[in-house]
1. Please work out which residue is nearest to the chain's Cα centre (by Cα), limiting yourself to the stretch 687-725 and to residues that are in a helix (DSSP H, G or I) and more than 18 Å from Lys343 (Cα to Cα).
2. Lys495 fails exactly one of the following numbered conditions: (1) surrounded by fewer than 22 Cβ atoms within 10 Å (Cβ to Cβ); (2) under 19 Å from the mean Cα position of the chain (by Cα). What is the number of that condition?
3. Of all residues in the stretch 109-125, which are modelled with pLDDT of 85 or more, assigned to a helix (DSSP H, G or I) and out of contact with any Gly (no Cβ under 6 Å at 6 or more places or on another chain)?
4. Given the criterion in a helix (DSSP H, G or I), surrounded by 14 or more Cβ atoms within 10 Å (Cβ to Cβ), in contact with a Gly (Cβ under 7 Å, 6 or more places away or on another chain) and in contact (Cβ under 8 Å) with a residue 12 or more places away in the chain, identify the matching residue among Phe625, Phe567.
5. I'd like the residue in the stretch 195-222 that is of a type in the set (Ser, Thr, Tyr) and out of contact with any Phe, Trp or Tyr (no Cβ under 8 Å at 6 or more places or on another chain) and, out of all such residues, is modelled with the highest pLDDT.
6. Looking at (1) of a type in the set (D, E, K, R); (2) more than 30 Å from Cys483 (Cβ to Cβ); (3) touching a residue at least 60 places away in the same chain (Cβ under 8 Å), which is the only condition Arg605 fails?
7. Report those helices (runs of 4 or more DSSP H) wholly inside the stretch 1-108 carrying at least 1 residues which are within 22 Å of Tyr206 (Cβ to Cβ) and modelled with pLDDT of 85 or more.
8. Could you tell me which residue of the stretch 620-667 is farthest from Leu730 (Cα to Cα), considering only residues that are of a type in the set (Val, Ile, Thr) and in contact with a strand residue (DSSP E or B) (Cβ under 9 Å, 6 or more places away or on another chain)?
Amino acid sequence: MFEITYSDNETFEAYQNAGKAYEGGIYDFTFEKRYIIYHAPLRHKVDYIAIDMATGLASSVITKQPGNLYTDASYRKLIPHILYSVKYTGDQRYLNRFADEPLKIIDSIFRVVLPNNEYNIREEQISLAKKMYIGFTEKQVALCEAEVGTGKTLSYLVAAIVAKHHNGLTYGQNLPVTITTSSIELQKALVEREIPNLSRMLIDYYIIEKPLTAVLRKGKEHYLCQYRYEDFLRNIKKYPEKYGPTIEALEQLGQLRYGIDLDKYRISGATKSRICIKGICAGCSKKKTCVYNDFARRMYNLPDLDFQVTNHNMYLMSQKTKTDDHPPLLRESCFVVVDEAHKFKEAAEDAFGERISEKDILRYVNGVKILCSPKANREKYKEFLDSLVKESEALFNSLRRKRHDNDIDEDRGSTIILSTFQTAKLNKINYLVEKIEQMKVKRNYGIPVTGASIKNAITAINKGSKSIIWLDTDENGVLSLCCTPKNINTILRNKVWNRNVSHVLTSGTISDGTDFEYFKAENGLDEIPYRLLLESRTESPFDYVNHTRLYIPKGMPVPDNDSEDYFKTIADEIHKIIQATNGHTAILFTSYKTLNLVYDLLKDRLGAYDTICMTRSNKNAITDFKKSKNGILFASGSMWEGVDCVGDCLSSVIIVRLPFPMRSVLMEEKKEACESVAAFVDRYCTPNMLIKLRQGVGRLIRSETDTGVVSILDPRATSKSYAVKVGQALHKYPKVDSPEEIESFMRSVKSEKYYAEKKENDK
């Protein structure tokens, strides 16, 4: 990429004779036929110096120890250091001392190091990295929206490395950079691939002097609990004919030292849930010999740690539990990167909230039965424990009926208001736990759920005026009663942002397409303007004009959950689009009720395609869709965001209705606080919808070669007052007016093989 020659030694000698270069300097090479590079042995060091033959000006490139000089074979590795002094813009090359040295280092990494390792130069990526660097070093909060394809991961890694080791050559503070994300896949990729690869490249070019270190800090539930492991193994050993292979696998785990990461072993999800760390560890009988505690201590105390990678929940729990007497779960950070920032508030609602399930109470009851003192009145125990189980069953049966009465939008669940009956049951459960705690039970030893944790959850839930109460179901169908503080924005402001630590928040969708005002208000960033450094939006470099189309059919009915004609019309239009695209379609719904209704209307008409229905119980829906030939995915919940289906697999995204937020106690309160319904829609509903819409539409194009069509079957996208903002959010997508135009476009960008694809059983 850059030219090195060895033909200007005479010119260099002339500079020496003229006194413009150190006497005794040794010529090395000429860079880009303009800059003479030589080294000058000084008293205790060696300077590499560049002379601009056009101007005669000299500039120091790098200082080395006398015994650590470059050789002919490694001269190319000097190029980044030359570029610290050479500003490279297009076809112009000239020596110039930047006012800000670290920005030159960032420029050199992206323009020299990465391209020489088969990465493309992306101007958007370089600009983003420099903005992130400023965000880190100014101890501010920076919002950096980076659409798909911008390469935000490399941007914040490079920015953080340069900011932490800010002259690019020596190491600074002994504090790690914390990277928090919502995706375990991204966390693994950072620790196992991205950081090691970048470390190797930067060492190769002498930008850093030793490998970067990174640890993955996951929640305790990913690791083996010695107490629960031994208890479970002891029980299944009674049935060797049934659990033979499981016993063998678990016995091998018992031979390992240090913290055992269960994700690394082929163990069923059910088995993992029985042997992982759950609930409260305080007072555990295995505390002194706990392999996890030993592992956590070693991870916490690693010297010269560069990165600690974690998830949003663990990072927030670390901030929540940190007190003068209680050290944080994670090391203090020099900077924090919040990747997938659009999911940070939801994680905060979980971390600072409480939840209780029927299973929690059963675990507590069983623990107390095993560990109650022999001296205690066992009959009294039995009376209280039986009553506790009875009250718990009555409460959760009542909650299950309430859940079925609601149209549940998304995976998160629905907000509720507790009835008088349910409140009474909660109070009775709290009373019984208090009575049990007053009796003689060995202190928490091995009890996965403590009485204190149950009482804390009930206390928080009972603060109805200060909390949002909602129902949630986990992947195993276990129902939980949950609550989260209404003032989560204030909590984030006090617990996270108002610290002397820089935060860079990044995601593909943290604005509504126009500004960050809604995101800032929801995440507690709107009242700290003096700390908000910058708001940056970096658009995707992908070719949307030639690779995509947007279809909003005319004459569609306004969404009406009570109209059969509405659902029939929707089903008919979806069928036309599917035929035009030959499947390869994800249909995004805002409720499972609507999903099931439309699926029932279409399932008999889609015999030529693989149809996959995404439900809470179908954990493999997205995997099955990716494997299908021309599949149709009926989806809600998580499919709206964070799912990559690269290639022809997903070539059509159909959005049935605009994803306005569902009704909730909190939204009703916001509505009451607004001067009008129109103000409420404009201030809260529309920005929320636009962010979700951009996330859904963003599932279509995940690489520079992807092509496809987005269809929106909601006429409000073009008819309501917010239609202008919808248009702004989707401005990159050229429009088509019919399924026929969809097919014409698709045939122009797809291969013949694409339209020949059939599902397996049709071959």
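1. Lys725
2. (2)
3. Correct list: Ile109, Phe110, Arg111, Val113, Pro115, Asn117, Glu123, Glu124.
4. Phe625
5. Ranking the qualifying residues of the stretch 195-222, first place goes to Ser199.
6. Unmet for Arg605, out of (1) of a type in the set (D, E, K, R); (2) more than 30 Å from Cys483 (Cβ to Cβ); (3) touching a residue at least 60 places away in the same chain (Cβ under 8 Å): (3).
7. 101-108
8. Val665
The values are calculated or read from the model by the stated rules, or taken from the named source; none is laboratory data. All values reported here derive from a predicted model rather than from experimental measurement. FYI the Cβ positions are ideal-geometry reconstructions off the backbone, even for glycines, and counts take in every protein chain you see.
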